[in-house]
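To start, the structure itself, in structure tokens.
The values are calculated or read from the model by the stated rules, or taken from the named source; none is laboratory data. From a predicted model like this one, the values you see are computed outputs, not experimental measurements. Here the Cβ positions follow ideal geometry from the backbone for every residue, glycine too, while neighbour counts run over all protein chains shown. Areas reflect the complete protein model, heavy atoms only, side chains present, ligands, DNA and RNA absent. Shrake-Rupley method; radii C 1.70, N 1.55, O 1.52, S 1.80 Å.
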Amino acid sequence: MLKQVGIHELLGHGTGKNLRETAPGVYNFNHASPPINPITERPITTYYKPNQTYSSVFGPLASTYEECRAECVAMALSCDFNILKIFGFDTGKGDIDMSSKAGDVLYTSYLSMARAGIMAMEFWDPKSKKWGQIHMQARYGILKTFLTAGHGFCVLDYENDDLSDLTIKLDRSKILSHGRPAVERVLRLLHLFKCTADIESAREFYDGELTCVEGPFWAEKVREQVLKKKTPRKVFVQANTVLGEGGKVELREYEATCEGMIRSWAERDV
Ligand SMILES: [Zn+2]
């Protein structure tokens, strides 16, 4: 988890260059010979104009889109065992040893991302057909990427028609061959549209395709099971130390409930 957050923040949010006209007629790229758009294979035509920023151009889409981009960077670079080494994971023999500790970490991060994509349905509103939580919208988009990666990389398995036994099956041996390339394809688009201020393509791809919830399978069945199996949010309650009989220090712990949390605060420093 630490590793995923580290890559997400530092190499996700922290990287990339937005192409911009910084002042009238001044560019931070070669305007006479602009970079080639890897999708169209033609020079890029859009960029940020003076006074435009990513937030002002992307508006309400800005946060969730950027979270998805950073999560995709984390998913793609977690596969780089040299990076996992930096975070102190044993990478086993050679560059890629999926049976190593680093392989376990990689598998866990893909699996928990897939699970988060399912749990995300709690934050999708069927009435407005809108997402209410930016990170969860992003994770749903990444799960969809896994599910469409092909070759049975990630499938949703169930026997019951109401999906009460819904299980995620993610093939650990295909993370590097199928999962990572699928994430990279999505990442390339997200990154390209951001760097070139191409809000129209971004909206069409992100809202219209990647995170669009269609059909009763997701909108009704998966969502219903997620809501049914929802557990209360975990509360972390801090214990207190008190001076007991004969000056002995005693540890006082509390129940992990709202009441326990209030009691823990109330009895502190008294
Ligand atoms: Zn983030």
Q: Residue by residue through the range 124-155, note down the ones that are farther than 22 Å from V105 by Cβ and touching a residue at least 40 places away in the same chain (Cβ under 8 Å).
A: W124, P126, K129, W131, I134, Q137, Y140, G141, K144
Q.
Given the condition assigned to a loop (DSSP other than H, G, I, E, B), exposed (fewer than 15 other Cβ atoms within 10 Å of the Cβ) and away from the ligand (no atom under 15 Å from the Cβ), answer yes or no: does some residue in the range 81-88 qualify?
A. yes
Q) Residue check: is L11 within 15 Å of the ligand (Cβ to nearest atom) and either of a type in the set (F, W, Y) or open to solvent by less than 60 Å² (accessible area, probe 1.4 Å) (or both)? A) no
Q: Find the residue count for the range 28-44, including only residues that are among the β-branched types (V, I, T) and at pLDDT 95 or above.
A: 2
(Q) For the range 134-158, give me the residue count where each residue is open to solvent by less than 60 Å² (accessible area, probe 1.4 Å) and at positive phi. (A) 2
Q: Tell me, yes or no, whether the range 27-42 has at least one residue that is closer than 30 Å to L106 by Cα and more than 16 Å from the ligand (Cβ to nearest atom).
A: yes
Q) Just a yes or no: is a residue in the range 41-55 surrounded by fewer than 16 Cβ atoms within 10 Å (Cβ to Cβ) and touching a helix residue (DSSP H, G or I) at 6+ places or on another chain (Cβ under 6 Å)? A) yes
Q: Report, by residue number, each residue of the range 200-218 that is touching a Leu at 6+ places or on another chain (Cβ under 7 Å) and open to solvent by less than 40 Å² (accessible area, probe 1.4 Å).
A: A202, F205, Y206
Q) Would it be correct to say that I96 is β-branched (V, I, T), in a loop (DSSP other than H, G, I, E, B) and assigned by TED's automatic domain parsing to the domain that holds N37? A) yes
Q) Here are some residues: L170, L111. Which one is in contact with a Cys (Cβ under 8 Å, 6 or more places away or on another chain), open to solvent by less than 60 Å² (accessible area, probe 1.4 Å) and aliphatic (A, V, I, L, M)? A) L170
Q.
Residues that are in contact with an Asp or Glu (Cβ under 9 Å, 6 or more places away or on another chain) and under 27 Å from R69 (Cα atoms): does the range 194-214 have at least one?
A. yes
Q.
Any residue in the range 33-48 that is of a type in the set (V, I, T) sitting within a Cβ distance under 6 Å of a residue that is assigned to a loop (DSSP other than H, G, I, E, B)? List the pairs, counting only those 6 or more apart or interchain.
A. I44/P34; I44/P35; I44/N37; I44/T196; T46/T196; T46/A197; T46/D198
Q: Any residue in the range 53-72 that's closer than 22 Å to T145 by Cβ: show its pairings with residues that are within 10 Å of the ligand (Cβ to nearest atom) and open to solvent by less than 10 Å² (accessible area, probe 1.4 Å) at Cβ separation under 6 Å, as long as the two are six or more apart or on different chains.
A: T64/A138; E67/A138; C68/A138; A70/G12; E71/A138
